[in-house]
Every structure is written in C-alpha cells, then in structure tokens.
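Any read-out appearing in this document is the output of simple, stated calculations on the displayed coordinates, not a laboratory observation. Please read these numbers as outputs of a predicted model, since none were measured by experiment. Counting neighbours? That spans all protein chains shown, and the Cβs are built from the backbone with ideal geometry, glycine included.
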Amino acid sequence: MLQRQVFAWILPVLALCIGVSATTLTTRLSGNEISCYYTQVDSLKTKLKFFFAVNAGGDYMIHSRVRSPGGKIMVDNKFKQADYVFQPETTGEYEFCFDNSLSTWDDKLIDFEISVENDLRAELPGSSKDIETKTIEKHLESLDNKVGLVTTSMRYLKTREFRSMNTVRSTENRIFYFSLIEMILMISISALQVIIVQLFFKGSRASFV
C-alpha cells in the first residue's frame, strides 16, 4: 500500500518535470548586428517556448525571427518583448535570430529564454492511473500554471526595472552634460563681461587724453 502511494506521487511529478530543456541567456547586440541561436527538437510531442525582452538600448525595439528546420518562417516581428509557444511540425534544429539593423548606433541588451518541454504525460498508460493519481496530476498542473504566471510577472518586473534604471542613467547623464554646458556658458559670459568693461575703460581713458 505504501509503495502504491509513493508511486502515485512520483508518477505525475516525473510526468510533469522530466524532459524540460531550457536555456536562459543575456546578450548584447551592436548596431546592425545579427545574432542567431539554435535548439534541437527530437520529438513532435513537445512544446517549444521562446521569450525575449529588450532591457536597454535605443527605443527597445528588436527584430526577432524564428525558422523551422525546413526553412519555414514561424515568427518575423518587431517588438520590445514577446512570449511565444509553438507546437513543432517537424523535428530538427530550430533557429532563433535577433536583428538589430533597426539601430545604427544603439546597442541592445536582451534577455531571452528558449525551452523545449516534452509532453511525457501522453506516454503514460491510462489504465495505470487511479483517481488519486489523476487528482495529484490536476493539482500539479494547476501549480505549474501558477508558477508560469509568477515567472511571467517576474520577467515583466525585471524588464521594467532594467528599463527604469536605464532611463535614470540617461537622465543623470543629460543633467551632468547640461550642467557642464551651463557652467561653461556662465564662465564664458563672465569673461566676456570683464573684457567688455576693460575695453570700455580703456576707451574712456583714451578719450580723456
């Protein structure tokens, strides 16, 4: 009985957790630079997920493109951030590219994640599932969905934090340069006033002589 209960707990956990391959990266793209990444899909019983967010650089817009092994363009858009879920049509190597040709001078700092989730639950025999196991699976699916929502919220907050920090740094730089220009103008005007006064008194002395 104990072994059956343990098996009832382990089975759905393995079904939900095994076979998830994810890669989270941060990259910086220079102006007019194109960067591509690849992931291998070995089974059609998978979900291919692709998330990215531009944290810094220019207007935050980036051109993203996803290509299937057969050369089919699955995504070709320009966004600040996006979250895609695909059902692979063929197995093989999928290509994920970022194109920063929209910006000539601005670098882009991009966080992105590529994950391949194998749906192993479809391979479990239905006859071996009792009511308790199905109930546990439903709870785990609900938990997985909630974790996904929390992850999405954290990504959004992280992106907002990066962009806010970038705005603060940009504002600080502008204030510094404006203050520097203001100081130079004040010194220049003061020096010009002194020169004008000196010329005025020199002219007055010459007229008296």
Ranking Phe79, Phe176, Phe98 by Cβ neighbours within 10 Å, fewest first, what do you get?
-> Phe176, Phe79, Phe98
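Just add up the charged neighbours of Thr159: K/R +1, D/E -1, any other residue whose Cβ is under 12 Å from the Cβ of Thr159.
Taking every other residue near Thr159 into account, the sum is +2.
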Lys and Arg at +1, Asp and Glu at -1: add these up for the other residues within a Cβ distance under 13 Å of Arg28 and post the number.
-> -3
Sum up the charges of everything whose Cβ sits under 12 Å from the Cβ of His139, counting Lys and Arg as +1 and Asp and Glu as -1, but leave His139 out.
-> -1
Unsatisfied cross-links (Cα-Cα over 24 Å) in the set Lys45/Lys72; Lys78/Lys108; Lys72/Lys158; Lys78/Lys146; Lys49/Lys72; Lys72/Lys146 = Lys72/Lys158; Lys78/Lys146; Lys72/Lys146
Among 131-139, 89-97, 166-174, what's the highest-first ranking by average C-beta atoms within 10 angstrom per residue?
-> 89-97, 131-139, 166-174
Full-stretch length increase - Lys78, Thr151 - with 0.36 nm per residue and alpha-carbon distance subtracted = 24.0 nm
